[in-house]
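These notes are about the structure you will find just below.
The values are calculated or read from the model by the stated rules, or taken from the named source; none is laboratory data. Note that this is a predicted model, so its numbers are computed, not measured. Positions of Cβ are generated from backbone atoms using ideal geometry, with glycine treated the same way; all protein chains shown enter the neighbour counts.
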2 protein chains.
Amino acid sequence: MKDEKKRGRPRAFDAKAALGKARDVFWDRGFAAASLDNLSAATNLNRPSLYGAFGDKEDLYLDTLEGYRQDGMDVLTEALDPSLPLRDNIARVYAGALAIYLHGETAARGCLLIGTASVEAVQHERVREVLGRSLNDFDDEIEKRMRLGVERGELPQSADPEMLARLASAVMHSLAVRARAGDSRETLEAIARSGVELICGSAP
Amino acid sequence: MKDEKKRGRPRAFDAKAALGKARDVFWDRGFAAASLDNLSAATNLNRPSLYGAFGDKEDLYLDTLEGYRQDGMDVLTEALDPSLPLRDNIARVYAGALAIYLHGETAARGCLLIGTASVEAVQHERVREVLGRSLNDFDDEIEKRMRLGVERGELPQSADPEMLARLASAVMHSLAVRARAGDSRETLEAIARSGVELICGSAP
DNA sequence: GAACATTTGTACTGTTTCGCATAAAATAAC
DNA sequence: GTTATTTTATGCGAAACAGTACAAATGTTC
């Protein structure tokens, strides 16, 4: 199923790489301010090629969001490796997030979803759906680890895994916003440390 | 200084009211997707009147952000009334935030700054400056209350007021994002309650 | 009432926007 | 080699866009 030779002229570009370039454009400018000329220039693709491969601008944007969501989930599950202590897990989640957020030419880009999908969410239902689903998936993944923490005694029996997870996510959301607002790496790392402390309490 | 009659034809509109209407447009659509036609229609002002009163689109947007920031600070200081217990203060901060965030025709609008200024912050330095300053001002105001809490014994002497304030803000940032992502009022209120619990610990 | 100053409404300009039509190019099937 | 099929490249076209010129309208100052 991988090398099924399709008839007709073959593509002269790697769709996945093009999606990555398009993602950078959306990440810096947002959906509305990203023009097809910007996207065409960044991907080295003509407009018809973009349309042929991804559909219109909104489809392309949704594709980049989905890819970003998937990548983020991979980073998250790796950070939450259950063979490590809970405290380390949460610290790794924040470290992984900051590695993604603090990366930009002019200013840090923060999170693609929180930073750019939030604006469109009010008017574009499909964007709102992806954003909501992404946030929920993140919450759920962290919640699983919290439940495990209660079972293992890393957290008190009275702890509420669902709410702890949502608050752990909240710190990450704040890091995303603050990164884009121009906060320094030191500031963000300090918030992450304090967040771990507050969420994990005096867990071992 | 209030009624200095200027010569020439007087304005036929209230600039403050117009700014409020423009704010609604930016709140729903963001800066980039808000057209001058949208703004002109919402304010019932011709384009030349908009330009004459506020400058270009970016100037107008920055004006609405400043106004929103000021309004937000007023709500915040009122919520932080030091005659109330710390726990009530933080709960009131979140309640005040949600009252603002959960208000939209199609979907909740969240926070104007976090929801719409974040996108532009990367490329527009002036927007980034307002956003960063607003977040900092909020942090500082809450931090003052936290310091008072330590003095009064509402918080343990070992508490770090600066970091507690930033984490209290973090919960609010998350509420802003989640509101725009479509989360229900019940969900958001539950997060706010858990946030108060976590931040204020077992404070009286 | 005459001269001046500012706002308002209409209409315009030049640019940018998105999406597509059309034809040439490149490969598979026959 | 011929035909069928898909992707490229050029460039079109209609709409939306931000900002402004200009003249009419509406005040103040003298």
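Figures for the structure shown
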| quantity | calculated |
| --- | --- |
| Test: residue A:31 is surrounded by 11 or more Cβ atoms within 10 Å (Cβ to Cβ), near DNA strand C (Cβ under 10 Å from one of its atoms) and within 14 Å of chain B (Cβ to nearest Cβ) | yes |
| All helices (runs of 4 or more DSSP H) inside the range B:1-104 with 1 or more residues being on the phi > 0 side of the Ramachandran plot and small (Gly, Ala, Ser) | B:15-33 |
| First in the range A:59-78 and charged (D, E, K, R), second anywhere and crowded, with 17+ Cβ neighbours inside 10 Å, Cβ under 6 Å, 6 or more apart | A:63/A:54; A:69/A:134 |
| Residues of the range A:6-41 that turn out to be more than 11 Å from DNA strand D (Cβ to nearest atom) and over 21 Å from the mean Cα position of the chain (by Cα), as a count | 3 |
| Members of the range A:119-140 that are of a type in the set (A, V, I, L, M, F, W, C), facing another protein chain (nearest Cβ under 9 Å) and within 21 Å of residue A:74 (Cα to Cα) | A:131, A:135 |
| Any chance residue A:181 is modelled with pLDDT of 95 or more, over 19 Å from residue B:190 (Cα atoms) and buried (at least 24 other Cβ atoms within 10 Å of the Cβ) | yes |
| Unique match (being at pLDDT below 95 and away from DNA strand D (no atom under 16 Å from the Cβ)) among A:79, A:99, A:108 | A:108 |
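One line per residue, one yes/no per condition, for (1) more than 14 Å from chain B (Cβ to nearest Cβ); (2) surrounded by fewer than 16 Cβ atoms within 10 Å (Cβ to Cβ):
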position: A:39; (1), (2): yes, no
position: A:44; (1), (2): yes, yes
position: A:54; (1), (2): yes, no
position: A:68; (1), (2): yes, no
position: A:71; (1), (2): yes, yes
position: A:84; (1), (2): yes, yes
position: A:87; (1), (2): yes, no
position: A:112; (1), (2): no, no
position: A:117; (1), (2): no, no
